[in-house]
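The values are calculated or read from the model by the stated rules, or taken from the named source; none is laboratory data. Owing to the predicted nature of the structure, the values given are computational and were not obtained by experimental measurement. For neighbour counting, all protein chains shown are included, and Cβ atoms are generated from backbone atoms with ideal geometry for every residue, glycine included. Keep in mind that these areas ignore ligands, DNA and RNA; they rest on the heavy atoms of the full protein, side chains included. Shrake-Rupley method; radii C 1.70, N 1.55, O 1.52, S 1.80 Å.
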Amino acid sequence: IAVVTEFGRTVRVNGTRGTDHGTGTAALLLGGAVNGGRVVTDWPGLATLYEDRDLSPTTDLRSVFKSVLLDHLAITPGIVERSVFPDSAAARTVPDLIHV
C-alpha cells in the first residue's frame with residue numbers, strides 16, 4: 001500500500017500570519033515486502049529555501065514508485081522507463097526500499 005501526497009505548506013509566514021500552499025512530498029509504504037521501520041529522507045535544512053519559500057525538494061516520487069515496480073512487481077526496466085514514467089531517467093530508484 002502506498003499513501004502519497006504532494007501537498008505542502010510554505011516555510012515563510014504570509015501577510016495574514018498563515019502559510020500558503022507550497023512544495024512538499026510525503027510517502028508511506030506499507031506491506032510485507034517493504035524494508036520498513038525507518039525514515040528515508042534527505043533533510044535539506046532551512047538555510048536555503050526553494051523559491052525562497054519552501055523546503056528544497058530532495059526526492060522525486062517517481063523514484064519511490066520505480067523501486068516498487070522494479071523490485072517488488074518485477075516489471076522490466078524498459079517498460080517502466082518507456083511506458084510508465086517516460087523521460088524519468090533522473091529519478092533513480094531508492095536503494096533497499098523493498099526486500100528482494
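If GLY36 passes every condition in (1) under 15 Å from THR5 (Cα atoms); (2) among the small types (Gly, Ala, Ser); (3) over 15 Å from the mean Cα position of the chain (by Cα) but one, which one does it miss? For GLY36, the exception is condition (1). The single condition among (1) surrounded by 15 or more Cβ atoms within 10 Å (Cβ to Cβ); (2) without any contact (Cβ under 8 Å) to a residue 60 or more places away in the chain that ILE98 does not satisfy is (2). If the condition is being in contact (Cβ under 8 Å) with a residue 12 or more places away in the chain and of a type in the set (S, T, N, Q), then the stretch 15-50 contributes THR23, THR25, ASN35, THR41. Scanning the stretch 61-85 for residues that are open to solvent by less than 70 Å² (accessible area, probe 1.4 Å) and in a loop (DSSP other than H, G, I, E, B) turns up ILE75, PHE85. Residues considered: THR16, THR48, THR93, THR58. Of these, the only one that is assigned to a loop (DSSP other than H, G, I, E, B) and either of a type outside the set (S, T, N, Q) or in contact with a Ser or Thr (Cβ under 6 Å, 6 or more places away or on another chain) (or both) is THR93.
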